[in-house]
Amino acid sequence: MIGKIIDSDADNPFWLRKCRELCVRPAIEPLVLAHWEKLISFGMSEPQVANFSSLLCGSKQRARTRNSYGLWEDGDVRFESAELARHWWEDIQSVANNQELAPLLPAYCFARTIIAHPYPDGNGRLARALVHAALARVAGLNAPALPLAPAFYMNGAKVALALRQLSETGDWQQFNAVFVRVIDDANCLAEHVQTMAA
């Protein structure tokens with residue numbers, strides 16, 4: 001099982017450092033579980049989402065009002081303008097409420113949140129919480145039980161490239177392929193941990 005993820009970015013020093021950083025952050029799963037019903041309804045108001053994001057970060061988060069960028073291994077990544085990012089949550093709610101688009105909800109939640117980068121901090125944690133909620137709606141996941149953070153970080157360079165291409169071209173094909181890979185890796189990691197614990 002774990003051999004399936006060997007060709008990921010897991011041997012990249014930048015992403016190994018990012019994975020190690022997960023060990024010093026509080027786990028998000030208890031907070032996600034405590035807000036599970038609200039999350040999977042996708043009915044929270046924007047202030048409620050900001051409050052939830054604040055809980056995930058341990059500091060007050062408000063919608064950003066200035067342009068933002070992130071530092072990545074191969075250069076800065078520019079996120080959406082604050083004006084465009086203002087509508088990120090209603091965009092996600094619109095997809096969540098459209099039965100035809102339901103299968104796309106997990107990938108859309110992650111991409112829309114990361115590209116919008118609506119808050120100064122915690123956008124990745126929030127995006128992963130929303131992926132868990134979306135998987136509950138479309139795949140019957142009954143708890144935030146997948147190790148999404150390590151799976152995303154292990155494939156970090158591929159995810160960053162796919163998000164950059166998505167934001168530049170609007171073509172979802174590469175991002176969807178990378179996203180499926182991340183979910184597969186998260187499942188493999190979860191199965192591996194369960195096997196080790198048995």
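Once the cut-off is 22 Å, how many percent of the Cα-Cα pairs in segment 45-158 end up in the long-distance tail? Numbers along the way, then the final one.
Values: 2115 of 6441 pairs.
Counting pairs separated by more than 22 Å, the tail of P(r) holds 33 percent.
The distance from the alpha carbon centre of segment 29-54 to that of segment 138-198 is 21 Å, rounded to a whole number. Estimated at 0.36 nm per residue, the fully extended path between V138 and A102 surpasses their Cα-Cα distance by 12.3 nm. For the residue pair A145 and K60, what label-to-label distance in nm results when each label sits 7 Å from Cα along the Cα-to-beta-carbon direction? My value for the distance between the label points is 3.9 nm.
Ranking of L101, L126 by neighbouring Cβ atoms within 10 Å, starting from the fewest: L101, L126. Extent of segment 135-179 along its three principal axes (Cα atoms, max minus min coordinate, largest first): 35, 22, 13 Å. Label-to-label distance, A190 versus R86, with points set 7 angstrom from Cα along the beta-carbon direction: 3.8 nm.
Scalar couplings 3J(HN,Hα) for segment 112-128, obtained by applying the Karplus form with A = 6.51, B = -1.76, C = 1.60 to θ = phi - 60°, are 5, 5, 5, 5, 6, 6, x, 10, x, 9, x, 5, x, 4, 5, 4, 5 Hz; x denotes Gly and Pro.
Couplings 3J(HN,Hα) of segment 37-54, computed from phi: 5, 5, 5, 6, 7, 6, x, 5, 6, 4, x, 5, 5, 4, 5, 4, 4, 4 Hz, in residue order, whole Hz [Karplus 6.51 cos²θ - 1.76 cosθ + 1.60, θ = phi - 60°; x for Gly and Pro].
Segment S94..W172, full-extension length gain: 26.3 nm, with 0.36 nm per residue of separation and the alpha-carbon distance subtracted.
Less than 5 angstrom separates the built amide H of A63 from none of the residues sequence-distant by 5 or more or on a different chain.
Throughout, read-outs are computed from the coordinates displayed, never taken from laboratory work. These numbers come from a predicted model, not from an experiment. For neighbour counting, all protein chains shown are included, and Cβ atoms are generated from backbone atoms with ideal geometry for every residue, glycine included.
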